[in-house]
């Protein structure tokens, strides 16, 4: 314990001024923590969350159709477990020491703890609780199976695993909205976390190619392309998102022939996409600027055409450099979905407003907003963690294995 | 035997669609055509639909009486005044929030950014936690939290929070100031209602708190990046000259860090200006919320949108111009 004490002394009590500051901060933080815990454990009434957990999760999605969402969750968790295990089974050959997640046992135990605690906290019905446990067990089981036997799979099958994600996503769209033989659920009945994640993932997926094209256009030597991209990017970046959502809700109907304007939720999702594309373009542009011109010249002199040089030489390097900035944009895009509540859509914050308008839960703002904050914080922090892990995996520098 | 030069067959001229003099023009023409057709299509629809709805572009409605009141303005406004006065009052409210937010966020962000280099581990950790918590929670959520959870649950009357010269109550934030006749007047309780020369509404206070704390976290990161870009030798040299931590930071490190910080601040200031439009969620009458009310009453979507767009673009350009001027001041003067 000696080194710990010494470190504490160096960090907190190096000089009298530091010591005074530390004591003051400890007192302040301690009293704040005690006050918060007293409120959270004794005064707060979490019934508002417990009674409305379904509403927060999926909004007014018809109850008899919710099996589709369970199926989608199962597929998603299954794909996650498989990918996790495969990533474990195939560490980069040049670095044995660094795996992802770095501490697998910690990740699994955290998952199990959450799976045990959350249903209890939300006071879910025993049947639903059992379902969640089964899902988590499946996730961990698949991760174990893929991690144990993933190396022995034929390489054709291995290459198919990344394709799992787009497949599940498209299937998920069908499952959520219906059609192809199952009952249609109109977008006006989607809500809560479902709508938040759907809008965010839709915008993230579509803004990516758009942003790359805009960034290439802005760096192009052709003046028309360059100016068109610059005007678009600066026009979007100059206006607050809420005015663009306003444009989508109130003016898009005038811009398209009668009856062609999509449903309000899709309009908002498209606005989010076009908005995010402008910001993403700037992130990608900084990545493109980081690729030395010699790279293109070398590729061209090897006989690659310009599109080939872009695809094989420039973009892989540029996107790797731009990755942190791009994920930063994705995180703020996820946060920006809360603005949909201002135009009357029932995403997480919108659902929260309707719940708190219910006389039974009047004045329970603190509980609801705190829950949402924790939820958003976890999602954003997870995106950030994933980005750092991906950065490490793509880092071209070879780190000697430990 | 002298070698005859191998005869090189003259390369066949590439077909015109692969000619490097032609292809760029083809690409540009194609893009230009697509953009033109798209714009023409959208504008054509716009004109047709607006004509059908009887809403063709006109600015005459701006002179009609607005018929709505604004809760708080710094420019005088009431329901009998025309729409343009209302929009102007909203713009003034936006400018007020942005200006106060800029000052507050800069102060908080600088302090938090400097704290990341403190010798005190606890303070460093606190600065880190502040940035990580605030940046990962949506601003809108933070705003409604400050408004509904903090400011609207404050006590009123004698139970209000009282500091020397400042009183924080549910009815507003009361600050001491100069009253009529240049008298210094403290907030006072008259018949259960607080009175003071300067009163801020809770809506404004909540908006300001949210904006300052949110932007402060981003500015803290900019400041931290700028300070860490200054070579470590500068710190060591200053401390070997006997300068204290704070003097080193103020006299040696910050002037050099400013070169990196100012361009980053520009981005953050612009996003603060745009984020101020979320005031509509806490009931502060900023430009956007006035514009929304105007739209609901007049139905003039396109005109209202053009006004919004022009105002925010102008605000962004103004901030950019000022920051660029500042940037020229802090750059190294090469002689």
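Some values worked out for this structure:
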{"item": "Principal axes of chain A: Cα extent on each, largest first, Å", "result": "70, 69, 54"}
{"item": "Estimated [θ] at 222 nm from DSSP helical runs (n ≥ 4, -39500 (n - 2.57)) normalised by residues in chain A, nearest 500", "result": "-23500 deg cm²/dmol"}
{"item": "Convex hull volume per residue in cubic angstrom - Cα atoms of chain B", "result": "312 Å³"}
{"item": "Hull shadow area, averaged, region B:22-110 [alpha-carbon convex hull, nm²]", "result": "11.6 nm²"}
{"item": "Shape metrics for region A:215-263, restricted to C-alpha atoms - Rg then Dmax, Å", "result": "14.3, 40"}
{"item": "Inter-site label distance for residue B:60 and residue A:27 at 7 Å from Cα along Cβ, in nm", "result": "7.1 nm"}
{"item": "Computed over region B:114-237, Cα set: Rg, Dmax in Å", "result": "19.5, 63"}
{"item": "Rg to Rh quotient for region A:251-402, alpha carbon positions, Kirkwood Rh", "result": "1.13"}
{"item": "Share of pairwise Cα separations in region B:138-202, more than 16 Å, in percent", "result": "48 percent"}
{"item": "Alpha-carbon radius of gyration plus Dmax, which is the widest Cα pair, for region B:282-335 in Å", "result": "17.8, 60"}
{"item": "Scattering curve values for region B:143-302, log₁₀ I(q)/I(0), Debye with Cα scatterers, q = 0.11 Å⁻¹", "result": "-0.72"}
{"item": "Region B:171-234: Rg to Rh, with Rh as the Kirkwood radius over Cα pairs", "result": "1.31"}
{"item": "Degrees between helix B:121-135 axis and first principal axis of chain B (Cα, 0 to 90, nearest 10)", "result": "70 degrees"}
{"item": "More than 23 Å apart - percent of Cα-Cα pairs taken over region B:210-316", "result": "50 percent"}
{"item": "Average Cα contact separation per residue, chain A, under 8 Å, 6 or more apart, as relative contact order %", "result": "21 percent"}
{"item": "Intensity falloff of region A:217-319 expressed as log10 I(q)/I(0), Debye formula with alpha-carbon point scatterers, at q = 0.11, 0.15, 0.17 Å⁻¹", "result": "-0.49, -0.76, -0.86"}
{"item": "Backbone N within region A:172-195 under 15 Å of label point (7 Å from residue A:354 Cα along the Cβ vector)", "result": "A:186-195"}
{"item": "Rg ratio (alpha-carbon, reference 2.2 N^0.38 Å) - the protein assembly as shown", "result": "1.08"}
{"item": "Two-site FRET efficiency, residue A:286 against residue B:133, from Cβ-Cβ distance with R₀ of 30 Å, rounded to 0.05", "result": "0.65"}
{"item": "Theoretical gain in end-to-end length, residue A:155 to residue A:394 [0.36 nm per residue, Cα-Cα removed]", "result": "84.0 nm"}
{"item": "Theoretical gain in end-to-end length, residue B:330 to residue B:241 [0.36 nm per residue, Cα-Cα removed]", "result": "29.6 nm"}
{"item": "Label-point separation in nm, residue A:114 to residue A:90, each point 7 Å along Cα→Cβ", "result": "2.5 nm"}
{"item": "Mean separation of Cα contacts under 8 Å, 6 or more apart, over the residue count of chain B: relative contact order %", "result": "19 percent"}
{"item": "Inter-label distance for residue A:77 and residue A:308, nm, one decimal - labels placed 7 Å from Cα along Cα-to-Cβ", "result": "4.8 nm"}
{"item": "Gyration tensor (Cα) of region A:173-212, equivalent ellipsoid semi-axes in angstrom", "result": "23, 13, 6"}
{"item": "Full-extension gain in nm, residue B:27 to residue B:103, via 0.36 nm per residue minus C-alpha separation", "result": "22.6 nm"}
{"item": "When region B:1-149 is reduced to its Cα atoms, the Kirkwood hydrodynamic radius in Å", "result": "23.9 Å"}
{"item": "Gyration tensor (Cα) of region A:1-73, equivalent ellipsoid semi-axes in angstrom", "result": "49, 18, 9"}
{"item": "Theoretical ellipticity at 222 nm over chain B - DSSP helices of four or more residues, -39500 (n - 2.57) apiece, nearest 500", "result": "-19000 deg cm²/dmol"}
{"item": "Rg(Cα)/(2.2 N^0.38 Å) for region A:98-177, N = residue count", "result": "1.38"}
{"item": "Cα-based shape type of region A:134-222, given that a ≥ b ≥ c are square roots of the gyration tensor eigenvalues and the cut on a/c is 1.5", "result": "oblate"}
{"item": "Per-pair calculated FRET efficiency, R0 = 41 Å: residue B:68 and residue A:20 via Cβ, rounded to 0.05", "result": "0.15"}
{"item": "Binned Cα-Cα distance frequencies in region A:173-264 - 5 Å width, integer %", "result": "2, 11, 12, 17, 20, 17, 10, 7, 4, 1, 0"}
{"item": "Long-range tail of P(r) for region A:1-160 (Cα pairs > 19 Å, %)", "result": "72 percent"}
{"item": "Distance histogram in 10 Å bins (all Cα pairs of region A:75-234, percent per bin)", "result": "9, 23, 29, 24, 13, 3, 0"}
{"item": "Relative contact order for region B:192-335, counting Cα pairs under 8 Å that sit 6 or more residues apart, in percent", "result": "28 percent"}
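Any read-out appearing in this document is the output of simple, stated calculations on the displayed coordinates, not a laboratory observation. The structure displayed is predicted, hence computed values, not measured ones. Cβ: placed from backbone, ideal geometry, glycine included. Neighbour counts: every protein chain shown.
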